[in-house]
Amino acid sequence: MEMINLTIDHKPVVVRKGATVLEAASGIGIDIPTLCYMKLEDMNIENKPGGCRVCVVEVKGRRNLAPACCTEASEGMEISTHSIRVVNARRTVVELILSDHPADCLICAKSGNCDLQDMANHLGIRKIHYQGEHSMYREDTSPAIIREINKCIMCRRCETMCNDVQTIGVLSAVNRGFQAVVSPAFEMNLDHSVCTYCGQCVAVCPTGALTEVDETGAVIRALSDPTKTVIVQTAPAVRAALGEEFGMTAGTLVTGKMVAALRRLGFDYVFDTDFAADLTILEEGTELLNRLSAFMAGDQQVKLPILTSCCPAWVKFFEHHFPELKDIPSTARSPQQMFGSIAKTYFADKIKVKRENLVVVSIMPCLAKKYESSRPEFSVNGNPDVDYALTTRELAHLINLGNIDFKSLQNEDFDAPMGESTGAGVIFGTTGGVIEAAVRTAYEIFTGKQLPRLDFEELRGMEGLRKATIDFNGTPINIGIAHGLGNARKLLEEIQAGTSEFHAIEIMSCPGGCIGGGGQPYHHGDSEILKKRQRAIYSEDQNKSIRKSHENPYITKLYEEFLGAPLSEKSHHLLHTKYFDRS
Amino acid sequence: MPGIKLSEKTIGIIKQVCSDFRNEGSELINVLHQVQGKLGYLPAEVQEVIAKELNISVAKVYGVVTFYSFFTMIPMGEHPISICMGTACYVRGAEQVLSEFKRQLKVEVGQSTPDGKFSLNCLRCVGACGLAPVVLVGEKVFGRVSPQMVKNIIAEYKEVGASEAKSA
């Protein structure tokens, strides 16, 4: 590999040819400030439009300052990252950005998590020397995402996520000069677009321009209403990230503290979406086995591969872009919706509470879950199966409002019956987890034998597209895994072309799966955080005494007392759904 | 978005232009240029067809249409009037000429008269600085235009329209 020698702030540094000045500097511990730049290592996600000019540095012998993020290091370069000229330019750039910014930090949803606010603080900006016109765009509210475009700094990170990573193409820079704005086509609202509400734009937005719809107020009202029984379910990925909101290291599992906090907040029953994940495995796994058996018996009509259907952004994606494939995904509802449906029938009957008086709240790492819970097919006479879907961040906000010292809480356990789950339910939170959980159950039912090992390392990892063949006692089952909708699109195009080699495919919209969801604590471009959350999920699985969904005793009981069997008529009615052509 | 229904013929024209450029997304600007040349403007529905044909997002097409002032989503009049706002024309009074057109036609820049006869736009330097200030009506160039001449220019085209109508 060709190496390049240069000096940065008088320190010599050697880097591989092709490295940027920014990368060279970070290698020797010089942290050049950046704003628009973002790179998620190992995920092929990079945004460097060189637009904000915050990272400018002085290069000896060059007339103009150079943006470090997109200037290649060259032999003999002498770089200064904090000369007076550089610092003045950097401050001017940020002051100019601030001169067209609402600066309502005190009441902004992003306050404390805002890269622009941090930058102004980092540079010690105490006065804005420029005054001028302010952008006056209308606010756009959708079922999940709010766009407050006056706060946009045109960093284009959202565009990178929406176009390059997710291949949705909803967002683009439109208009010119002062009027320029990131917007859907024809400046229509998000809910008139093909937006999947995956929330990856929100996950990377450096300011408060893109945030989630905040439903904490409604949940507080429900909790204080004596006529309501309020129950809560928590998605698997939440426990691996919530601690970050309270200053704990990424990857700290806070399952027990989270349960304790929810109980302090006044929820009448604290349940686990993982329970519903186990239920999903029985329904979806049975569907997989039925399709496989039919296929092997020579049925030409059977649709393979089967695709997972837990991820609401993915569901909306194929409804918009691949409606002709809508009978290929499993008809199983997502764990969130299965939970809601069972809670408002089976559990409501058990505790003798009327449906209208039972409020189901879910804590999700996801913004699309807000949209999913609002889909009309998931309600009965206008009463939704899931009333409110809060993000991990919103839960942290509730915990703060409840004056709860999260870190000092003692661990507590979920309530029965819908709080009991297996390791298989837990790993739903990461890419590869749903299919691994399905394999654990499908294998044992298909072969009638105990699995010799439960950890399918071949299904794990962070690569965007993975494949593995699992030997079902002589029958090879080909499995595909995609996270990120751009990767999913590739697998769908193979299916369309008739060249897909897979029997089953797991798809999650967000990079890393739900651990990297749009509702999780902000990662600020650090992909290590996602990997740590993933490890936390697998360690929770390891520590579970039961690690196969079909061995969950409360699931067995649910079938005995209520549902009958997987894919029974009742199951179909309560746990399955149909998809729509939204093209 | 007030929807318009494109005729099969119009869709055919758009598809033809796209395929002339091998349906390549990188040819977007050329495609938009040609389609606007044939249809006069680029309404949302046209942009949607182009996006589909070139396999790029509608948002991106709209982004390009709104970036370049040459592209328009509003139908141009039968006689598009363009006032040059280049430096030479500007210093020789193009702005007063523009004001006079606005006053007489009762439209703003980027709009068309209700009868669809005229539309009014500005452009940057047509390379005829010696004739500044310059006004284009359709393809015809008027040089050394003063506000006093505006009335006659408009009348010329009103009459052309009228005589054409008579002879038809």
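The values are calculated or read from the model by the stated rules, or taken from the named source; none is laboratory data. None of these values were measured; they are calculated from a predicted model. Note that each Cβ is placed from the backbone with ideal geometry, even for glycine, and that neighbours are counted across all protein chains shown.
Overview of values
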{"item": "Residue identified as in contact (Cβ under 8 Å) with a residue 40 or more places away in the chain, over 26 Å from residue A:46 (Cα atoms) and more than 38 Å from the chain's Cα centre (by Cα) among A:61, A:76", "result": "A:76"}
{"item": "Selection status of residue A:549, hydroxyl-bearing (Ser, Thr, Tyr) and either at pLDDT below 95 or in contact with a Leu (Cβ under 7 Å, 6 or more places away or on another chain) (or both)", "result": "yes"}
{"item": "So residue A:207, is it touching a Phe, Trp or Tyr at 6+ places or on another chain (Cβ under 7 Å), surrounded by 21 or more Cβ atoms within 10 Å (Cβ to Cβ) and more than 12 Å from chain B (Cβ to nearest Cβ)", "result": "no"}
{"item": "Where residue A:126 falls short, out of the listed (1) basic (Lys, Arg); (2) over 27 Å from the mean Cα position of the chain (by Cα); (3) within 14 Å of chain B (Cβ to nearest Cβ)", "result": "(3)"}
{"item": "Filter result for residue A:359 (touching a residue at least 40 places away in the same chain (Cβ under 8 Å) and assigned to a strand (DSSP E or B))", "result": "yes"}
{"item": "Single match in A:470, A:505, A:435, A:479 (criterion: buried (at least 18 other Cβ atoms within 10 Å of the Cβ), over 29 Å from residue A:370 (Cα atoms) and touching a residue at least 40 places away in the same chain (Cβ under 8 Å))", "result": "A:479"}
{"item": "Only one of A:35, A:22 that is surrounded by 14 or more Cβ atoms within 10 Å (Cβ to Cβ) and assigned to a helix (DSSP H, G or I)", "result": "A:22"}
{"item": "Residue selected from segment A:181-204 under the condition within 14 Å of another protein chain (Cβ to nearest Cβ) and hydroxyl-bearing (Ser, Thr, Tyr), by the criterion farthest from the chain's Cα centre (by Cα)", "result": "A:183"}
{"item": "Some residue of segment A:522-540 being among the acidic types (Asp, Glu) and buried (at least 17 other Cβ atoms within 10 Å of the Cβ)", "result": "yes"}
{"item": "Residues located in segment B:11-64, provided they are among the small types (Gly, Ala, Ser) and either surrounded by fewer than 18 Cβ atoms within 10 Å (Cβ to Cβ) or more than 12 Å from every other protein chain (Cβ to nearest Cβ) (or both)", "result": "B:12, B:19, B:25, B:26, B:37, B:40"}
